[in-house]
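Here is the structure we will look at.
The values are calculated or read from the model by the stated rules, or taken from the named source; none is laboratory data. Model, not experiment: these values are computed from the prediction. Ideal geometry is used to build each Cβ from the backbone, glycine not excepted, and the neighbour counts take in all protein chains shown. Just the protein is used for accessible areas: all its heavy atoms, side chains included, with ligands, DNA and RNA removed. Shrake-Rupley method; radii C 1.70, N 1.55, O 1.52, S 1.80 Å.
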Amino acid sequence: MNASQHDKFAAITPPGAIVDNASLTTTTIDTAGFAYLRVLVVLGATDIAMTALKLQESDDSGMSGAADITGLVYGTSAGIAGTTSALPSATDDNKCFAFEVDLRGRKRYIDLVATCGNGDAGTYITAFALLSRAADCPVSASERGYGNILRV
C-alpha cells in the first residue's frame, strides 16, 4: 500500500488573474478525520512583496473568531533552518512556500491568509492543501478531492 494514495487534495485558491493590493479569496480547509496538513502556496510572476502569508484556525467553518497559528506566520515565525522566515518578495517568482501542520490538538478549520502588495501588476498565485494520515482512508477520486485519478 502506498500511503500517499490515501491523501486528500483541497484547492484553497485556484489559479486566476493577477492579484494586486488585495487579499486572496480562499476556501477554508475542513481537517476532520486527518492528522496532518501541508499547504502549498505557488507563486508565478510577482512584482511586489506579499504583505501577509499565514494560516489561521477556528472551530467555526465560517472562520469566526479565527486566530493566527503560532509558528505559521511568514515574516515572524522561524523556518526549518531556525532563522526568521521572510514574506515572499518581488524576486520570488516561481517559488513555492509551504506550511506543514501536525493537526493533533488543532481546531477543525484552517484557512490561508494571503495578501499581495501594491505593485505595478501584482502577484500571480495559487494555493492548495494536502491532508494526510486519515483516520478513515478516502479511496475514490471524489473522496480524495480529485476529478479523476490515473495510476500505473
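Counting other C-beta atoms within 10 Å, and keeping those with at most 16, which DSSP coil trypsin sites (Lys or Arg not before Pro) do you find in the stretch 1-102? Walk me through the numbers before you get to the answer.
Details: sites: Lys8, Arg38, Lys54, Lys95; in loops: Lys95.
Here the trypsin sites (Lys or Arg not before Pro) that fit, given the DSSP loop and packing criteria, are Lys95.
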If you average 1/r over all unlike Cα pairs in the stretch 9-134 and invert the result, what Kirkwood radius do you get in angstrom? 14.7 Å
Listed highest first by mean packing, meaning other Cβ atoms within 10 Å per residue, what order do 25-31, 139-145, 96-102 come in? 25-31, 96-102, 139-145
The stretch 1-141 accessible area per residue, 1.4 Å probe, protein heavy atoms, integer Å², reads 51 Å²
Normalised by the number of residues in the stretch 4-152, what is the relative contact order in percent for Cα pairs under 8 Å and 6+ residues apart? 47 percent
Specify the residue with the greatest mean-square fluctuation among Ile12, Ile110, Ile80, computed from a Gaussian network of the chain linking alpha-carbon atoms under 10 Å apart. Ile80
Cα extents of the stretch 53-125 along the three principal axes, largest first (Å): 38, 30, 18
Roughly how many percent of the accessible protein surface of the stretch 45-92 is carbon and sulfur, given a 1.4 Å probe and a whole-percent answer? 54 percent
In the stretch 103-133, which trypsin sites (Lys or Arg not before Pro) fall in coil by DSSP and have 10 or fewer other Cβ atoms within 10 Å? Arg104
Leaving ligands, DNA and RNA out of it, work out the accessible area of Tyr124 with a 1.4 Å probe and give it in Å² to the nearest 10. 90 Å²
